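Visitor: Got a structure here, written out as structure tokens. Questions coming.
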Amino acid sequence: QVQLVESGGGLVQPGGSLRLSCVASGSIFSIGRMGWYRQAPGKQRELVASITSGGSTNSADSVRGRFTISRDNAKNTVYLQMNSLKPEDTAVYYCNAVLTRDVSGRTTVDGYWGQGTQVTVSS
């Protein structure tokens, strides 16, 4: 069994900052790309930012320059530092990770999701 557990969401005023964390735990051989997605009410889930195991990053135009993704491979953790938050950043933020596992002697590579954490930007 594996788990991705997010934390760090909450209510913040426009212009404020939050730092999200996501820890992967369980029977994991290795972790590939990790990413943050978000879904606002009535909208599709969208990629916010992603990072490879080697540290290469990618981010959406709407957050570039404000959000920074990073990871600590030793802790199986990915972070999302969010600065200069805007009301339009309000959404449920989900962590995603590509995990390589050994399941009954067979190597599997699959994407896993966390349960989501709410971020609300409002005055």
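The values are calculated or read from the model by the stated rules, or taken from the named source; none is laboratory data. If you're wondering where the values come from, they're calculated on a predicted model, not measured in any experiment. Positions of Cβ are generated from backbone atoms using ideal geometry, with glycine treated the same way; all protein chains shown enter the neighbour counts. Calculation scope for accessible area: heavy atoms of the full protein, side chains included, ligands and nucleic acids excluded. Shrake-Rupley method; radii C 1.70, N 1.55, O 1.52, S 1.80 Å.
Visitor: Which one is farthest from residue 13 (Cα to Cα), of the residues in the range 104-123 that are surrounded by 17 or more Cβ atoms within 10 Å (Cβ to Cβ) and of a type in the set (Ser, Thr, Tyr)? Don't jump to the end; show me each part of the working.
Guide: Filtering the range 104-123 down to residues surrounded by 17 or more Cβ atoms within 10 Å (Cβ to Cβ) leaves 112, 114, 116-117, 119, 121.
Of the ones still in play, those that are also of a type in the set (Ser, Thr, Tyr) are 112, 117.
On the way: 112: 31, 117: 17 Å.
It comes out as 112.
Visitor: Cβ-Cβ under 6 Å, sequence separation 6+ or interchain: first residue in the range 100-123 and farther than 14 Å from residue 32 by Cα, partner open to solvent by less than 70 Å² (accessible area, probe 1.4 Å) and acidic (Asp, Glu). Which pairs?
Guide: 114/6; 117/6; 121/89
Visitor: Return the residues of the range 25-60 that are under 12 Å from the mean Cα position of the chain (by Cα) and open to solvent by less than 30 Å² (accessible area, probe 1.4 Å); say none if nothing qualifies.
Guide: 34, 35, 36, 38, 48, 49, 50, 51, 59 - these are the residues of the range 25-60 that are under 12 Å from the mean Cα position of the chain (by Cα) and open to solvent by less than 30 Å² (accessible area, probe 1.4 Å).
Visitor: Please give the number of the condition residue 64 fails out of (1) within 16 Å of residue 12 (Cβ to Cβ); (2) open to solvent by 50 Å² or more (accessible area, probe 1.4 Å).
Guide: With respect to (1) within 16 Å of residue 12 (Cβ to Cβ); (2) open to solvent by 50 Å² or more (accessible area, probe 1.4 Å), residue 64 is out only on (1).
Visitor: Against the conditions (1) open to solvent by 40 Å² or more (accessible area, probe 1.4 Å); (2) modelled with pLDDT under 95, where does residue 101 fall short? Just the number, please.
Guide: (1)
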